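Working notes for the structure below.
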Amino acid sequence: MASSLTEQQIKEMLDHMKGSDSVELKLTVPDTNIGSTAVLLGMDPLEAEIRQIVFFDTPDLSLNQVGLVVRARRIQGGAGDTVVKLRPIHPDDLPPEMSASQNVKVEVDAMPRGFVCSASMKGLATAAAVRSVTIGESAIKRLFSKEQRVLFRSRAPEGLKLNDLAILGPINILKLVFEPTGLKRKFVAELWLYPDGSRLLELSTKCPPSKAFQVAAECREYIAQKGIDLTAEQQPKTNRALKYFSAQYKKAEEARQAASAADQTLSGQDQA
């Protein structure tokens, strides 16, 4: 939930909010405080929905470096979706292919001590289609709509194609929509389960831009009264996942190259 922003940050956020569809107030909770936070807010983990996200980028995250996020998601029950996202971006700087699309949402994410504005172009997919790409049975390009592919080509490094990207993930997530005890407002809790065993809990609530500061003040007061730490270091869940999977991908590639070199050496010895 938005905390003490500087005067300059407030001015910049207000400027971005003018062209945004919504504001999402976010707070990440460190692993050590997840259990206590769930109890304090009255969260029931058995009501959570299982989701899985896979990202597509180069091994050195060249898309992320230019503010482009490409991902697919499958949801318990068979549904799924895809997103091509620009972040950060000012609403006035949206490319024409996004401004004209009904599948685009512009949103300001407000967090303690900062904010970021993003524009997301969403597409539909089945869980089966996402899994097929994740396990290498189908081409990445097939998951994304024509307008998503156009947007990708306009923002990706020159010459880079969707099918050239590495598959980074997947990561399992538990999503819970709930109303905190004593606060009449819908919240979303996402528990990201990283493959190394670490976890990250993100709490969020959405509101119209015109009500952002009022809602932020109410939520901040409520969370502070519950004794939940608002000063903990915030850890963007997507960037953390991308860095983790990038490192794992590079390790796996190095292992494959070493194995290939060993095979060639043995083959050469046999021929000799």
- Query: In whole Å, what is the distance between the alpha-carbon centres of segment 188-230 and segment 27-87?
  - Reply: 14
- Where a Cα-Cα gap under 25 Å defines reach, which lysines qualify for LYS206, not counting those fewer than 8 residues away within the same chain? LYS11, LYS18, LYS26, LYS85, LYS105, LYS122, LYS175, LYS184, LYS186, LYS226, LYS237
- Please state the charge dipole magnitude for segment 119-272, taken about the Cα centre, from unit charges on C-beta atoms (+1 on K and R, -1 on D and E), reported in debye and rounded to the nearest 20. 780
- Query: Kirkwood hydrodynamic radius (Cα pairs, Å) of the chain?
  - Reply: 20.4
- Message: Using 0.36 nm times the number of residues separating LYS184 and VAL39, minus their current alpha carbon distance, what extension gain do you get?
- Response: 50.5 nm
- Message: I'm a student and want to see the number: the projected area of the Cα convex hull of segment 188-272, averaged over all directions, in nm².
- Response: 8.6
- Mind putting a number on the dipole of the chain about its Cα centre? Charges go on the C-beta only, +1 for Lys and Arg and -1 for Asp and Glu, and I need it in Debye to the nearest 20. 540
- Note on the structure: Length-normalised contact order of segment 7-271, Cα under 8 Å, at least 6 apart, in percent, tallies to 26
- Query: Which of the trypsin sites (Lys or Arg not before Pro) found in segment 175-213 are in a DSSP loop and have at most 16 neighbouring Cβ atoms, other than their own, within 10 Å?
  - Reply: LYS184, ARG185, LYS186
- Amide H of SER198: which non-local residues (sequence gap of 5 or more, or other chain) have their own amide H closer than 5 Å, using H built in the peptide plane? none
- Calculate the dipole size of segment 1-99 relative to its Cα centre from +1 charges on Lys and Arg beta carbons and -1 charges on Asp and Glu beta carbons; express the result in debye to the nearest 20. 180
- Task: At 7 Å along the Cα-to-beta-carbon direction for both GLU7 and ALA232, put a label point, then send me their distance in nm to one decimal.
- Result: 3.3
- Item | Area projected by the alpha carbon convex hull of segment 177-221, averaged over all directions, nm² | 4.1
- Item | Sparse-neighbour loop sites [trypsin sites (Lys or Arg not before Pro); segment 66-103; at most 14 other C-beta within 10 Å; DSSP] | none
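Coordinate-derived values only; no laboratory data. None of these values were measured; they are calculated from a predicted model. Cβ sites come from the backbone with ideal geometry, for glycine too, and all protein chains shown count toward neighbours.
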